[in-house]
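The values are calculated or read from the model by the stated rules, or taken from the named source; none is laboratory data. Since this is a predicted model, take the numbers as computed values, not measurements. Using ideal geometry, Cβ is built from the backbone for each residue, glycine included, and neighbour counts are taken over all protein chains shown. Calculation scope for accessible area: heavy atoms of the full protein, side chains included, ligands and nucleic acids excluded. Shrake-Rupley method; radii C 1.70, N 1.55, O 1.52, S 1.80 Å.
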Amino acid sequence: SVSYTHLDTQWQNWRAAVQPLGKGASIPDWLLVTPGNHDVESAAWAIDRMAAAFPELPTNGPSGLERLAYRKDYGNVRFISIVSERYKDAHRIDDQLDWLETQLQNNPQKYTIVFSHDPAYPFGAHINSSLDAYPAARDKLWSLLKQYKVTAYIAGHEHLY
């Protein structure tokens, strides 16, 4: 039996650190998370523990990725998280692109922000270990972002300061 206590405690500590930003809520409703490689690379169950740590995140994503890939409208902005980091299946998003297109097609909001951990076109140390590892899926993503006039794509992973 695997003990999740250490990881669960880390998520609880993070939530406690950001809780004051929520003005009474457990976490602010505008604070949206998406899994990064350091969150999920240790074991197959780690991504499930991350999803469990944020029960308030939407469950409207693709089956099996609830609270990880999701859509949330806030004000006049649609935020869409896609998962680019999964244990032993990093940088692959092709199984989310049809779902993403549906979220973009049926979007009544003025602005749209799509976010994920991996950049589409890395230029630092993560070349070939970002969405560019699967160029066909990356190119389809980029085409969707352009076609539906997405306001911004936000990613991390590069650690460029």
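On the stretch given as region 122-146, residues that are free of Cβ contacts under 8 Å to residues at least 12 places away in the same chain and within 18 Å of residue 81 (Cα to Cα) total 3.
Quick one: what pairs do we get from region 81-96, first residue touching a residue at least 40 places away in the same chain (Cβ under 8 Å), second open to solvent by less than 10 Å² (accessible area, probe 1.4 Å) and in a strand (DSSP E or B), C-beta under 9 Å, 6+ apart or different chains? Within 9 Å, the pairs are 81/70; 81/114; 82/114.
One residue stands out among those in region 28-46 that are under 11 Å from the mean Cα position of the chain (by Cα) and of a type in the set (A, V, I, L, M, F, W, C): the one that is most open to solvent (accessible area, probe 1.4 Å), which is 32.
Checking each residue in region 114-137 for being closer than 19 Å to residue 99 by Cβ and open to solvent by less than 30 Å² (accessible area, probe 1.4 Å) picks out 114, 115, 116, 118, 120, 131, 137. Of the residues that make up region 59-76, is at least one in a strand (DSSP E or B), open to solvent by less than 80 Å² (accessible area, probe 1.4 Å), acidic (Asp, Glu) and over 24 Å from residue 129 (Cβ atoms)? Taking every residue of region 59-76 in turn, at least one turns out to be in a strand (DSSP E or B), open to solvent by less than 80 Å² (accessible area, probe 1.4 Å), acidic (Asp, Glu) and over 24 Å from residue 129 (Cβ atoms). Considering region 77-98 alone, what residues qualify as being part of a strand (DSSP E or B) and of a type outside the set (S, T, N, Q)? Within region 77-98, 77, 78, 79, 80 meet the criteria.
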